[in-house]
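The structure under discussion appears below in the form of structure tokens.
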Amino acid sequence: MLLRKKEEIEYWLNKYQIKDYDLIKDEKYGYVVNVNGHVNLINKNLTVIEVKFNQIKGSFNCSSNELETLKGCPEVVNIHFNCNNNKLKDLKNSPKIVNGNFFCYYNYLNSLEGCPKIIKGSLIVNNNELEIEGLKYLPKEINTNYIDIFNNEKLEDIQKISNFSE
């Protein structure tokens, strides 16, 4: 469950040393958080992200936790988004736009459902459990020629797809 009260959100942000942020009143969430730098939630033993992030001007890294959902993750990340080494089965609630690379390897993904609509860097989703049917959720716009789906046993011989624009 996401925290809604300003004081609780500020306490959580302080606990995880997230600084230089703005809280924006939001009808649905109570408050959403814009961060003017990076968010580092690496290896914090998180099972959930308890605040709703909106826009991150730097990178957002929530890797090496126990996350089963990306609920609370930002809508827009201006650099890279990293959610490696968690327990994710899908990408629902992931950012809609990532202006850098999107890293989500070593999870339990069987589908790319919920994948960002726009990724301006590479998409790295190796070492998951992706199935061929789950690839239909690839981003609508990806401004790179590199998508890494290596080590997804259910994709059989597919190891790397590149040059989607051709």
Please determine, by comparing only the residues of the range 90-103 that are in a loop (DSSP other than H, G, I, E, B) and under 19 Å from Ile42 (Cα atoms), which one is most open to solvent (accessible area, probe 1.4 Å).
Asn93
Can you name the condition, by its number, that Tyr11 falls short on among (1) open to solvent by 60 Å² or more (accessible area, probe 1.4 Å); (2) more than 19 Å from Ser63 (Cα to Cα); (3) in contact with a strand residue (DSSP E or B) (Cβ under 8 Å, 6 or more places away or on another chain)?
(3)
Matching residues, the range 109-134, being open to solvent by 20 Å² or more (accessible area, probe 1.4 Å) and touching a Leu at 6+ places or on another chain (Cβ under 8 Å)
Asn110, Glu113, Gly114, Glu129, Glu131, Ile132
Among all residue pairs at least 6 apart or on different chains, which show Cβ distances below 7 Å where the first residue, located in the range 121-137, is more than 22 Å from Ile97 (Cα to Cα) and the second is open to solvent by 80 Å² or more (accessible area, probe 1.4 Å) and part of a helix (DSSP H, G or I)?
Glu129/Lys154; Glu131/Lys154
Checking Asn43 against (1) more than 21 Å from Cys115 (Cα to Cα); (2) surrounded by 17 or more Cβ atoms within 10 Å (Cβ to Cβ), which single condition isn't satisfied?
(2)
State all residues of the range 26-68 that are within 18 Å of Lys92 (Cβ to Cβ), in a strand (DSSP E or B) and out of contact with any Asp or Glu (no Cβ under 9 Å at 6 or more places or on another chain); if no residue qualifies, say none.
Phe60
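Of the residues Tyr16, Tyr106, only one is of a type outside the set (A, V, I, L, M, F, W, C) and buried (at least 17 other Cβ atoms within 10 Å of the Cβ); which? Please lay out each step first, then the result.
Numbers: Tyr16 fails: buried (at least 17 other Cβ atoms within 10 Å of the Cβ).
None of the other options fit; the residue is Tyr106.
The values are calculated or read from the model by the stated rules, or taken from the named source; none is laboratory data. If you're wondering where the values come from, they're calculated on a predicted model, not measured in any experiment. Glycine also receives a Cβ, built like all others from the backbone with ideal geometry; neighbour counts cover every protein chain displayed. With ligands, DNA and RNA removed, areas are computed over all heavy atoms of the protein, side chains included. Shrake-Rupley method; radii C 1.70, N 1.55, O 1.52, S 1.80 Å.
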